[in-house]
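Structure record follows, encoded as structure tokens.
The values are calculated or read from the model by the stated rules, or taken from the named source; none is laboratory data. Since the structure is predicted, the reported quantities are computational estimates derived from the model, not experimental observations. Cβ placement follows ideal geometry from the backbone for every residue including glycine, while neighbour counts extend to all protein chains displayed.
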Amino acid sequence: MVHQILFFVFAGLCVAGALNLLFQKHPIHSALSLIVVMGSLAALFLLLGAEFVAAIQIIVYAGAIMVLFVYVIMLLNAGEEEKSPDNSSIALYIGVPAITAIVAFVLLLLVRRNDVHDGVQLGQFMGGTKAIAMKLFTDFLLPFEVTSVLILIAIMGAVVLARKER
Amino acid sequence: MNETIKLIIFNAVKILVVTHVLLGAVAYTVWLERKLIGRMQNRWGPTRVGPFGLLQPIADGLKFIVKEDMLPPGVNKPLFILAPAIAVVFGLTPLAVIPFGPMLDAARYGWGEKAQGLQITDVNIGLLVILAMTSIGVYGIALSGWSSNSKYSLLGALRASAQMISYELSLGLSLVGVLMMSQSLSLRAIVDTQAGGILHWNIFAGLQIIGFFVYVTSAFAENNRIPFDLPEAETELVAGYHTEYSAMKFAMFFMAEYANMFSASSIATLLFLGGWHPPHPAMMLGTEGSLAYALSGVFWFAFKIFLFICFYIWIRATLPRFRYDQLMSFGWKFLLPLALANVLASGLVIALRNT
Amino acid sequence: MIPVSYYLILSAILFSIGVAAFVFRRNIITLFMSIELMLNAVNLSFVAFANVHQNINGHIFVFFVMVVAAAEAAVGLAIIIAVFRTRETLNVDRVNLLKL
């Protein structure tokens, strides 16, 4: 009963935030809606028993990546989105039914699987920081080191690209 | 009464006590700061309102409540009102995972079978929850500057949030040394590994002196306190990100700053100074699990936090502030490599101990 | 007890809203945010399947997705700043000439 309430509240917040991102005119309101989506996703991760992933979702995604987005919006003084004269209405009339059809198809494929109808138990925290660390530094050591190099390259690239021209 | 109702009542009592004690502490920290800084500058501080100026925070609170709360023209209304709320809420949330005292053997007092800890909730990832709350607290400042529709506010907010996210890195890395020594992210488990006398605290036995220095410096920078308070200095940027705020919203920023100070002091106490353990094990009243033991644990915890807050105030009275470029180069070019070196050295010590 | 399929359906809905935002919005920054929304939807389905099979590899993959998303957001925003400096616009339809 508590599980149902928590799930539907946070799922509703996720969908509401995502729709708000789609329909708001000013990018800063879209950014704040995306932060709400990420926070609700962290709560949903906790419901699924992933405590470490929930914590790093807030620390990394909502607390660092979205701060970067909000910074760029504030620095570039991004205004409301202007109405573009070359918006095609064909894209609207074909695009919306197409996306709806794809979503319905994916949902149909999902609910026909056999293994996704078990229930999720509330409070069944699986692994923890220790289990993730053991896996990460033994089986997944190569991807870990490679992603470290990737982030280093991304830092250097961002610094070079955003520098002022001399 | 069955177990669920007892549990709910006990947790509700804990939450109410912690929140009210913290908000009272925030108000009286302002009094303490004005008195101590006044004394260090050879003047009295508040003396008029009540004996020793003790009713000054109440007078200030009344002033904030009855002052006119104006919305300047051109502000982005929802963000303007939301920003101080974000700052206060995410400054107070770390209290939910901080253990104030030892486990209380509830069966002795008829409250149930399990031992209850003097902590609102003990999560396995307590340390990560605190890092997460400090990460989200940056939004309160960034959005307040942006929504104020004023150049000074925007510059102050950008500087303050850049400073906060830069020093969050060395803050997190300084905690990794403690984490390696205590082998757990749960705050109660970290405090339990520091039992024994003063020589068992993490700053001595855990060899975390450098980690302690890095943590304290990063905590000063996270709170925008002197020597790192350029974003809200009155002589530099009018008042930085809270220029356009009046009355209750300004009071909320104030409360958020002192609540952050309180959280940072309590984390430093828990991780480096032994939490609620006394300097010598004989200095506690009563036996383990009794109410007297628990209350003397809370007393030692509060005493250490009081010393920390006096240290914060002492530094404010003594040091000048950093210039912004000095501040950023100090954070990136000195503290971050030092924190990384601390992590390496702690790892080396643990590896050598285990062989 | 919530069946895991509810989480997967939520993930599909979020992904499709991300695709819709990507197709219909014209501001570059909003396009980047819709990419982050799609990545988050995928993270949710990874964690849901990790719960079904009780295997922690799902969580580790979420970790790597987050790291790659961070790197991509940093470089992408730097490119946006560089484009804004020369073209003075954030509308993706106006960035349609190779030379100004």
Check: Failed condition for residue B:292, given (1) touching a Gly at 6+ places or on another chain (Cβ under 7 Å); (2) in contact (Cβ under 8 Å) with a residue 12 or more places away in the chain, with all others met?
Finding: (2)
Checklist line | Among the residues listed as C:65, C:92, C:75, C:42, the single one being under 23 Å from residue C:19 (Cα atoms) and in contact with a Gly (Cβ under 7 Å, 6 or more places away or on another chain) | finding: C:75
Next item on the list: Using the structure shown, decide if residue B:205 is in contact with a helix residue (DSSP H, G or I) (Cβ under 7 Å, 6 or more places away or on another chain), without any contact (Cβ under 8 Å) to a residue 12 or more places away in the chain, surrounded by fewer than 20 Cβ atoms within 10 Å (Cβ to Cβ) and not in a loop (DSSP other than H, G, I, E, B).
Entry: no
Next item on the list: Could you please find all residues in the range A:129-154 being within 9 Å of chain C (Cβ to nearest Cβ), part of a helix (DSSP H, G or I) and surrounded by 13 or more Cβ atoms within 10 Å (Cβ to Cβ)?
Entry: A:131, A:132, A:135, A:136, A:143, A:144, A:147, A:150, A:151, A:154
Notebook entry, point to check: Would a scan of the range A:2-21 turn up a residue that is within 14 Å of chain B (Cβ to nearest Cβ), β-branched (Val, Ile, Thr) and out of contact with any helix residue (DSSP H, G or I) (no Cβ under 7 Å at 6 or more places or on another chain)?
Noted result: yes
Check: Any idea which residue in the range C:50-89 is nearest to residue A:161 (Cα to Cα), counting only those that are over 19 Å from the mean Cα position of the chain (by Cα) and in contact (Cβ under 8 Å) with a residue 24 or more places away in the chain?
Finding: C:83
Next item on the list: Name, by its number, the condition in (1) modelled with pLDDT under 85; (2) in contact with a Pro (Cβ under 6 Å, 6 or more places away or on another chain) that does not hold for residue B:229.
Entry: (2)
Notebook entry, point to check: Has the range A:99-111 got at least one residue that is under 22 Å from residue A:45 (Cβ atoms), at the interface with chain C (Cβ under 7 Å from one of its Cβ atoms) and part of a loop (DSSP other than H, G, I, E, B)?
Noted result: no
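This table checks each residue for (1) modelled with pLDDT under 90; (2) surrounded by fewer than 20 Cβ atoms within 10 Å (Cβ to Cβ).
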| position | (1), (2) |
| --- | --- |
| B:153 | yes, no |
| B:158 | yes, yes |
| B:161 | yes, no |
| B:168 | no, no |
| B:173 | no, no |
| B:178 | yes, no |
| B:182 | yes, no |
Item checked: Criterion (in contact with a helix residue (DSSP H, G or I) (Cβ under 9 Å, 6 or more places away or on another chain) and surrounded by fewer than 20 Cβ atoms within 10 Å (Cβ to Cβ)) met by exactly one of C:35, C:17 -> C:35
Note to self: Which residue is surrounded by the fewest Cβ atoms within 10 Å (Cβ to Cβ), if the candidates are limited to the range B:317-355 and must be among the charged types (D, E, K, R) and closer than 18 Å to residue B:164 by Cβ?
What the structure shows: B:325
Notebook entry, point to check: Within the range A:77-85, can one find any residue that is part of a helix (DSSP H, G or I) and either over 14 Å from the mean Cα position of the chain (by Cα) or under 30 Å from residue B:155 (Cα atoms) (or both)?
Noted result: no
Next item on the list: Report yes if some residue within the range B:119-140 is away from every other protein chain (no Cβ under 14 Å), farther than 17 Å from residue B:266 by Cα and either free of Cβ contacts under 8 Å to residues at least 24 places away in the same chain or not hydroxyl-bearing (Ser, Thr, Tyr) (or both); otherwise report no.
Entry: no
Margin query: For residue B:178, only one of the following conditions fails: (1) assigned to a helix (DSSP H, G or I); (2) within 13 Å of another protein chain (Cβ to nearest Cβ). What is its number?
Written below: (2)
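Going by the conditions given, is residue A:37 modelled with pLDDT of 90 or more, under 16 Å from residue C:44 (Cα atoms) and either within 12 Å of the chain's Cα centre (by Cα) or within 11 Å of chain B (Cβ to nearest Cβ) (or both)?
Taking the combined requirement at face value, the residue satisfies it.
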Next item on the list: Would you point out the residue of the range C:91-100, among those that are within 21 Å of the chain's Cα centre (by Cα) and part of a loop (DSSP other than H, G, I, E, B), that is nearest to residue A:27 (Cα to Cα)?
Entry: C:92
